[in-house]
Each structure stands twice: as C-alpha cells, then as structure tokens.
1. How much length, in nm to one decimal, is gained on full extension between ASN144 and ASP254, taken as 0.36 nm per residue of separation minus their Cα-Cα distance?
2. Please list 3J(HN,Hα) in residue order for the stretch 99-107, calculated via the Karplus relation 6.51 cos²θ - 1.76 cosθ + 1.60 where θ = phi - 60°; whole Hz, with x for glycine and proline.
3. Quick one: if the Förster radius is 22 Å, what FRET efficiency do THR291 and ALA223 give, using the C-beta to C-beta distance and rounding to 0.05?
4. How big is the stretch 190-290 by Rg and Dmax over its Cα atoms, in Å?
5. Quickly estimate the mean residue ellipticity at 222 nm for the chain, helices only: each DSSP H run with n ≥ 4 gives -39500 (n - 2.57), and the total goes over all residues, rounded to 500.
6. Where a Cα-Cα gap under 15 Å defines reach, which aspartates and glutamates qualify for LYS98, not counting those fewer than 8 residues away within the same chain?
7. What nm distance separates the two modelled labels at GLN104 and ALA52, each placed 7 Å from Cα along Cα→Cβ?
8. So for the chain, averaging the separation of alpha carbon pairs under 8 Å that are six or more residues apart and normalising by length, what relative contact order in percent results?
Amino acid sequence: MSGIQKVGIIGAGQMGSGIAHVCALSGLDVVLQDLALDKVEQGLATISGNMARQAAKGIIEEDAIKPALARIAASDSYDNMADCDLVIESATEDETIKRKILAQLGPVVKSDAILATNTSSISITRLAASTDRPERFIGIHFMNPVPLMELVEVVRGIATDDETYEASRAFVDHIGKQITVAEDFPAFIVNRILLPMINEAIYTLYEGVGSVESIDTAMKLGANHPMGPLQLADFIGLDTCLSVMQVLYDGLADTKYRPCPLLVKYVEAGWVGRKAGRGFYDYRGETPVPTR
C-alpha cells in the first residue's frame, strides 16, 4: 500500500473518530489528535461504542474490537505524528483554521509523509499552498458516518503528484471504501449536488411552502430518500451546511448558491443540529420535535 502503515488524524470529532475507526479496523496504526486529551477520549468512547454496535449487527467480529482500539494512540500534540506515513486533517470546516494546522504540521512530520485534508468543500490547491509539500498534498473526503458510508472522494490539487495520488487510492482501497475522483472545484461532487438541495429545502421552509415535517415527509415518500433534507441537515450540522454553501456562493459567484437567511439565523442562534440538541428539530426530549 505504498508504505502507508501509520495514519495521523487531526480532530477527534464525528468525522475524525470515524476515520480512526475504519483505519484501525483495517490494521493500520493511528494517532488521533485534538486540542485536549479529553476530546480524544470522547472520540475513543464513540469509536468503542460504534464498534460494539457493528459487532452486535454482525458487521465485524467482536474479537476484532480490542486489537483495533489498541492501535489508536491518543494525542494532544502534533509531535506524536512525526513517524506517520499519512496525516489527515479533519478539523472544523474553516479555511483559516485548516491552513494554520497544515502550516504547523510541515516541520513536524517526516519529509516523505503525505498530508491530506478531509474538507468537504474548500480548494485543495489553496490548502496545499499553506504546506511545505504541495506535491504531497491531496483531498481525501470521507462521507458521514464514516464507518457506514462506502464512498470517499479523492481530489487532487494542481500540484499533487502521481505518487501521492496512487498511494491515496491504495489507502482508500485498503480500508474498504469505494473511490470517486473529483476535480478541485468548490464542494467537489457530493456536496455540490447535496447541499444546494438542502439549502432549497430550507428556502421552502423559510417561504412557508411547507412545515419541517411536511418537507421531510415529502422527500422521504415522494423521492424515496432515506432521510428528509432538514433531518439530514441537522445530522450534518447546520454550521457545516452554511460553510459549504458559503464556499459555493463565493467560489462560483452564482446567486443560486446563496445561503438561505433562515439557515444563517439558526447557526447564529447556535441551533446547529443534533450535536447542539436543537436544529430544525429539538432533540432534547425522547423523540425529535420540529422547531418550526
């Protein structure tokens, strides 16, 4: 697999812990890093719980859990990634934060290590320019939830070399995911299509065409979607949805990508979905209740 045996993951949230989960199960050593060790411990608890659920459903063998968890080392420092072959940045969807992390990584990791980003929308070429190795930089975008979703988008920046691309493809194959190759345009393939649909669903709510419940029911039963668009927005995180829409709007300069004012209002209120307890649904009770 082109020498990738140890993977560093920056960010122990929903996406980062999911990436650590699949890497460890596939036999790779993992360093999971966040700003504080308690955040990493929360991520490890999530991984343990998710693996237990997979074992209960027969997706993985129960005796695979303990050795997989043993392969994940907790860290609150980049220094522990010095011997990683691949480091995947999976921090919040904010370009300034990502560029700062990537700039700090360069002096720490070995010179031939691949740096990657799990960004769902931001230019790979721009992020690569903040590193000391743009030719060894690539986008490896996992879908949420990582342990369940089969797809990974691989995105080359303008400087990404063939060796980095082939090693990244081999890595994705090794962890049991299916690859799709996207060009380096705002939001790539999946979110270029998905997020405007979600944004339009929010406009439909904003304009009073339907309620939260009726919009989600319409798309589940009328379009055979497994989850309604507003429920899905809550699952993704409304802050992430807004970030992607802003990248699309700024990058393509087309008014059809303008974020809905209601989406902005929810994010400003801190009602960013399931992780906050409230979004288009209120999750604080036994069952989710629409907030509009």
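Each reported figure results from applying straightforward, stated rules to the coordinates on display, with no laboratory input. Bear in mind the structure is a predicted one, so any value in this text is a computation, not a measurement. For neighbour counting, all protein chains shown are included, and Cβ atoms are generated from backbone atoms with ideal geometry for every residue, glycine included.
1. Values: separation 110, 0.36 × 110 = 39.60 nm, distance 2.70 nm.
Extra length from ASN144 to ASP254 when fully extended: 36.9 nm.
2. 4, 5, 4, 5, 5, 6, 6, x, x
3. Details: r = 23 Å, r/R0 = 1.05.
Efficiency computed from Cβ-Cβ geometry: 0.45.
4. Cα-based Rg and Dmax for the stretch 190-290 come out at 12.9, 42 Å.
5. Values: 11 runs with 127 residues, N = 292.
The per-residue figure over the chain is -13500 deg cm²/dmol.
6. Straight-line reach from LYS98, under 15 Å: ASP34, GLU89, ASP132.
7. Calculated label separation equals 3.3 nm.
8. Working: 526 pairs, mean separation 38.6, N = 292.
After rounding, I find 13 percent.
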